[in-house]
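Written below as structure tokens is the structure these notes are about.
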Amino acid sequence: MKVLRLTTEELVACDGFDHHEAVYSISDVETGLEGFIAVHDTALGPGAGGCRFWTYGNRAEALSDVLRLSKAMSFKNAMAGLPLGGGKAVVWAERGDIDRTSFFRAFGRAVETLKGQYVTAEDVGTRIEDMVAVSAETSFVSGLPAQEGQPGGDPSPKTAHGVFLGIGAAVKFALSRSDMKGLRVAVQGLGSVGFHLCEELHRAGAELVVADIDEAKVRAAAEKFHARVVRAPDILFEPVDVVAPCALGGVLTKENVSRLNAKIVAGAANNQLSSDQVGELMRLRGILYAPDYVINAGGIIQVAAEYLGLSSDMVEERIGMIPMSLQQIFEESNWRHQSTNHVADTLARTRLAGSHPAAAAV
Ligand code: NAI
């Protein structure tokens, strides 16, 4: 296993670099593991964030992804009030025939070499069994099978619940409604989070429009939630009250924002905006955007509670605070005439700056 720290000279020109504390290139010839671990900011605690298992076009694309995702984790953890910093890992396989357990054990060895600077968990493409394999090599891992009465296991239902509560806050703010009966919601992506979100929305009386590239998931949602199905490329532009992106990032762009037909964009996907400017374009069009890393913090709250040994009640309490954080952001966005993503970034950066040793000494 090779773990090499990238130099600042290697990083400054990279898309997504934000003065990250440390970025490592990892590789293991024996298992075919390749990847990056990025630690963005540890002022509030160890850099915590999931491990994404994905196929990238090239190394630069993977590096840019880990840089953006780890920065978002610093902001997410700060806004959720967790004693954790921001980190993330992306890994891919150099060959097709990997032994998954050995592959993730090798990743665990890489995490162990960082001695707690980074704490890993599941993300897109990784599951509980992978984290169990990681845990054979390091204790700096969360998202493991839940112990009786303790937080743990798959974080997706908690992420979905936080998004559901966040949609409630957005609906109250933008539409002056406190119930979801007949609310029209378009959900993009019916994976671990999207499906659970549909469940909660359906139970609350919302009318669902859904899309996924996986036909079986679409059929299941149509049957279970009486959801109307549309083609995947059309879902974001449906005439609905709320669009909930719950697939991959970068789906809202300068080019497509003019085609949105919803009053609210509020979903689970990380890094939904292809650039910060997209948030301002939405504001100018009167579309309320719930910043992704604020509304989707439910999962990391559970993962953090498991890692830090906090109770299930504490998890519920913290997730219950997501609507309040959003309300504050929506109000500030209104009176400052700034996009909600800009307001959230400013609040998160202020919290981080206040925790840096230099700030504490002033
Ligand atoms: P997942 O991999 O289980 O589900 C993603 C779904 O999106 C899949 O069903 C996939 O077929 C679908 N999809 C992919 N491309 C699509 C397209 N072009 N149009 C429609 N559907 C498409 O992932 P998961 O865990 O549900 O996460 C969803 C998003 O939420 C990701 O962006 C993830 O980073 C984010 N997130 C997830 C958390 C969690 O607890 N799982 C926590 C915080 C954020």
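Table for the structure above
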read-out: Given (1) without any contact (Cβ under 8 Å) to a residue 24 or more places away in the chain; (2) more than 10 Å from the ligand (Cβ to nearest atom), number of the condition V240 does not satisfy; value: (1)
read-out: Conditions (1) open to solvent by less than 40 Å² (accessible area, probe 1.4 Å); (2) over 21 Å from the mean Cα position of the chain (by Cα): number failed by D345; value: (2)
read-out: Matching residues, region 181-208, being closer than 14 Å to I264 by Cβ and surrounded by fewer than 22 Cβ atoms within 10 Å (Cβ to Cβ); value: L183, R184
read-out: Counted residues, region 131-156 - those being more than 13 Å from the ligand (Cβ to nearest atom), touching a helix residue (DSSP H, G or I) at 6+ places or on another chain (Cβ under 7 Å) and acidic (D, E); value: 1
read-out: Index of the failed condition, V124 passing every other in (1) within 15 Å of the ligand (Cβ to nearest atom); (2) of a type in the set (V, I, T); (3) part of a helix (DSSP H, G or I); value: (3)
read-out: Any pair with Cβ under 9 angstrom, 6 or more apart, that starts in region 190-212 at a residue that is in the same structural domain as A232 (by TED's automatic domain parsing) and more than 6 Å from the ligand (Cβ to nearest atom) and ends at one that is assigned to a strand (DSSP E or B) and polar (S, T, N, Q); value: V210/Q188
read-out: Answer from Y293, Y307 - the residue that is touching a Ser or Thr at 6+ places or on another chain (Cβ under 7 Å) and either surrounded by 14 or more Cβ atoms within 10 Å (Cβ to Cβ) or part of a helix (DSSP H, G or I) (or both); value: Y307
read-out: Those strands (runs of 3 or more DSSP E) lying entirely in region 1-114 with at least 1 residues without any contact (Cβ under 8 Å) to a residue 24 or more places away in the chain; value: 2-5, 22-28
read-out: Residue under evaluation F17, criteria (1) open to solvent by less than 30 Å² (accessible area, probe 1.4 Å); (2) under 20 Å from D276 (Cα atoms); (3) away from the ligand (no atom under 16 Å from the Cβ), criterion not met; value: (1)
read-out: Breaking point among (1) over 17 Å from G194 (Cα atoms); (2) touching a Ser or Thr at 6+ places or on another chain (Cβ under 9 Å), for P155; value: (1)
read-out: Positions within region 122-147 being at negative phi, open to solvent by less than 20 Å² (accessible area, probe 1.4 Å) and within 21 Å of the chain's Cα centre (by Cα), in sequence order; value: T126, D130, M131, V134, V141, S142
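The values are calculated or read from the model by the stated rules, or taken from the named source; none is laboratory data. From a predicted model like this one, the values you see are computed outputs, not experimental measurements. We place every Cβ from the backbone using ideal geometry, glycine too, and count neighbours over all the protein chains shown. All accessible areas refer to the heavy atoms of the entire protein, side chains included, with ligands and DNA or RNA removed. Shrake-Rupley method; radii C 1.70, N 1.55, O 1.52, S 1.80 Å.
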